[in-house]
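Every number in this text was worked out from the coordinates using simple rules, so none of it is lab data. Treat the numbers as computed from the prediction; the structure is a model and nothing was measured. Backbone-built Cβ (ideal geometry, glycine too); neighbour counts: all protein chains shown.
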Amino acid sequence: MESLSDSTWDRLCQEFNKIQLMKDAAGDMVREELADMREELDLMTIGVERQAKSMCYRFQLYAQIFGFVGPVVCFIIFVSYEHPRVMVMGIVYLLCLVVFLLWCLVMPSVVHRGISYFKPYQFSDLEKKTIRGHIEKASEYSVAIKPQGLWEEKDRFKPTFVLSLDGGGIKGAVSARILARIAFEFPEIMEKVDLIAGCSTGSILAGMLATGFTPEDVCDVFKTASPVVFRTTVWQQLKHLGFIGGSHHDGDGKYKVLEAAFQGKTMKELNCGICITASHVSEDIKDQQCAPRVWSNVVAHTDHAFEGHHEFDKDHGAEEFCVLDMNLADVINGATAAPLYFPSHHGHIDGALWSNNPSSAALATIAPMRDFKNVTLLSISTGIQAKTSRCDAGKWGLTQWLPWLLDFLMDSTATAAHFTSKAMLQERYHRIDPTLPRLFALNDVGAVDELNEIANGVDLTSTFAFLDRMGMKRRTKVKVL
């Protein structure tokens, strides 16, 4: 048998290596395809399990309803057959009850702007011109400022000023007006702000301030846009029986206002740091309860103090997720989706469920990158109702608790955050929490002027003294000769 030459042997080795590489590549492709198929199969299995659980839950619910309603219906039919007069009286009573409920649901809202009979409220030409002017002014200002980037470890001991804005629906007019008064006395205060934290309506204010709006412009836009944000129709209220069968407002007006105000900007295009609190609800609420979310453009989500506070889909790893690329309008639209008032947005609802006062959430967010000894925080509330009467809550039931429960939850979370922030920062923390003379509904558009008057009457002496101690410069007063 003749021996192979060296060149022939080398060619055979090369061909063998090529075949081996092709074999390895084919094996990798097969393994990847199998992995993708397994992943798809797992997702399909999870989807089927969720649907099965949902169907089982609905079946149990319908069975309970039938078990309760069935005997009642049989009793009504029997009484109506035996006593026709009782049936007539019952029908008259139900009609009167329906008319009364419809009157209670519809009429109180008709007197406010933002309410129409069938067609949703739209901006007038003058209102469009006013808002467009503020947006153009903010755009010109933001173009001249360098976008905010992620904070770096080398700046840990840098002095940091945080502005925190509470949630409260239409009562955000109080926070906006108070901030405008502060900015008038301290004209450079917004230039000194390193991070703006916002919850619910406070997140709208925070987003506007971070995109170039002045505090005074924020007040004007807030008042002008409120009827569209909180718009609804009489037909919608009748169809949903208020908020029994659906959200009180459609949310479309709010989203359109946010898109117009922020001009498609993402979190990485803002002029200063921002921190937005929200809540996430999964499709199957029985498997996962409401989870807190904190969106920020100064600290990467992987460095957040609350490890795992962001959940990722199984087909999207953490390395593929970036908060900085998120659309600001989408972030804030989800963060302002108050239950009963607005529908959820991309699975997100109002952050007031767990942090109506976002000051402590802001401190937790910046903890990896800042030394609290050099952090100053100014917190502005939307106001708390004056307690004018006593109540025996120990004997309350559903009808007594329901009208007050949301306000109690918001006030309690705000107070808890206040205690935490005060304990952490001591004299470098200050909170403005004005007292409101009465209860204001979160969507009471007609109360904006009254809320502005209340904010103008708030004593800010202690606030000005706090800012003086923190080194803020007051405006120069012109002496009249």
Quick check on packing: order 340-350, 78-88 by the mean number of other C-beta atoms within 10 Å, highest mean leading. 340-350, 78-88
Hey, how many Å between the Cα centroid of the stretch 28-86 and the Cα centroid of the stretch 409-481? 49
Which pairs break 26 Å Cα to Cα here: Lys223/Lys422; Lys422/Lys473; Lys119/Lys268; Lys137/Lys268? Lys223/Lys422; Lys119/Lys268
The stretch 430-440 - phi-based ³J(HN,Hα) in whole Hz, Karplus 6.51/-1.76/1.60, Gly and Pro as x: 9, 10, 9, 9, x, 8, 9, x, 8, 7, 10
Applying the gyration tensor rule to the Cα atoms of the stretch 138-240 (axes a ≥ b ≥ c; rounded if a/c under 1.5, else prolate if a/b exceeds b/c, else oblate), the class is prolate
Would you mind putting 204-210, 269-275, 218-224 in packing order, based on average other-beta-carbon counts within 10 Å, highest first? 204-210, 269-275, 218-224
